[in-house]
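Notes follow the structure.
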Amino acid sequence: MDIRVDQKAVLVGRQTLSPSCFALELACPSPLQAEPGQFVMVGVGSAADPLLRRPFSVAGVTPKERGTALQLLVKEVGKVTAMLRSLPLGSELAVLGPLGRGFDLASAGPRPVLVAGGIGLPPVLFAARELRRQGTEFAFFYGASSGPELLLRREIEEIAAGRVVFCTDDGSFGEHGLVTEVLGKRWQEGTSRLLACGPNPMLQALAALARERGVEAELSLEEPMACGVGVCLGCVVRLADGTYAPSCQKGPVFRATELSERW
């Protein structure tokens, strides 16, 4: 059943998380029943510039007496994200969603490992909250370029009940090295599944690690999207059988076995 809604949401909260990243809270008048790994398309302003909405992974949803509080984590990388950083509270935003396929938490097993890289944190954090609510134990690996870019560390430590490993490329916080390398060194037998989001090189390395260890992996891809509903075909990825699929419609979460090794 298609439960996506196109609605006008109100910007009610913003928090600076790092020199480049910030959190937003949007008050949506309609229910938003999002799953970890799904995303929304957000439109800013009413003019033709910017013309297209931008995709953002859902970091969390909280039902309210009227509507839903929607949480997003944003990295400033261009015009629209800069606008989101400076819009006054009370501004209206167009929100279409939830969209896409999320993580299959029902099949995560008893000991999943969650892996986030950089601004790939939102869907993984959302999944961690849901697994904690379900009473499922998990390990959380989070890597970023430097210490200041590791977002919401205290919240992650609390949700993961201390089973969290931070790592940075420059060694300024946590373990020194890529999150994939650190995970490989700390791998524990009995891991039931990998759930991950981050840049493609990270996800491809995790897919290879999962194949090597005989574990299923679910990967939330960060492909550029223009429409979010599978019409423009701007976010297609190559599948293992040689065909292509729009990640906004068939993903953004894919099982690693569904994807070509270099999608």
Over the range 81-186, what relative contact order in percent results from Cα pairs under 8 Å that are six or more residues apart? 20 percent
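Only Lys, Arg, Asp and Glu count, each charged at its Cβ (+1, +1, -1, -1), so figure out the dipole size of the chain about its Cα centre, rounded to 20 debye.
Its charge dipole is roughly 300 debye.
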Please state the charge dipole magnitude for the range 89-229, taken about the Cα centre, from unit charges on C-beta atoms (+1 on K and R, -1 on D and E), reported in debye and rounded to the nearest 20. 400 debye
State, to one decimal in nm, how far the label point of ARG132 lies from the label point of ARG262, with both points 7 Å from Cα in the Cβ direction. 4.0 nm
Give the cross-link partners of LYS75 among the lysines, using a straight C-alpha distance below 26 Å as the criterion and excluding same-chain residues fewer than 8 apart. LYS8, LYS250
Among all the aspartates and glutamates, which ones have a C-alpha under 19 Å from LYS79's C-alpha, if same-chain residues fewer than 8 places away are not counted? ASP49, GLU92, GLU222, GLU223
Subtract the Cα-Cα distance of ASP169 and SER86 from 0.36 nm times their separation in residues, and report this length gain in nm to one decimal. 26.9 nm
Rank ARG132, ARG154, ARG238 by mean-square fluctuation in a GNM of the chain with C-alpha springs under 10 angstrom and give only the top-ranked residue. ARG154
Report the residue, chosen from GLY118, GLY97, GLY109, that carries the largest GNM mean-square fluctuation when the chain is represented by alpha-carbon nodes joined by springs under 10 Å. GLY109
Listed residues TRP187, GLY198, ALA245: farthest to the positive end of the dipole of the range 156-263 (Cβ charges): ALA245
Please report the net charge: other residues with Cβ closer than 15 Å to the Cβ of LEU178, K and R +1, D and E -1. -3
Net charge near TRP187: determine it from the other residues with C-beta under 10 Å of the C-beta of TRP187, scoring Lys and Arg +1 and Asp and Glu -1. +1
Environment charge of THR257, counting only residues whose C-beta is closer than 9 Å and scoring Lys/Arg +1, Asp/Glu -1: 0
In debye to the nearest 20, the charge dipole size for the range 9-65, taken about the Cα centre with +1 at each Lys and Arg Cβ and -1 at each Asp and Glu Cβ, equals 80 debye
Considering only DSSP beta bridges where both residues belong to the chain, give the percentage that are antiparallel (nearest 5). 65 percent
Value at 222 nm in deg cm²/dmol, rounded to 500, when DSSP H runs of n ≥ 4 in the chain each add -39,500 (n - 2.57): -6000 deg cm²/dmol
Gyration tensor verdict on the range 1-110 (Cα atoms; rounded if a/c is under 1.5, prolate if a/b is larger than b/c, oblate otherwise): prolate
Using R₀ = 22 Å, calculate the FRET efficiency as 1/(1 + (r/R₀)^6) where r is the Cβ-Cβ separation of LEU239 and SER107; round to 0.05. 0.65
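Every number here is computed from the coordinates shown, using simple stated rules; none is lab data. A quick note: this is a predicted structure, and the numbers were derived from the prediction, not measured. So basically every Cβ, Gly included, is an ideal-geometry build from the backbone, and we count neighbours across all protein chains shown.
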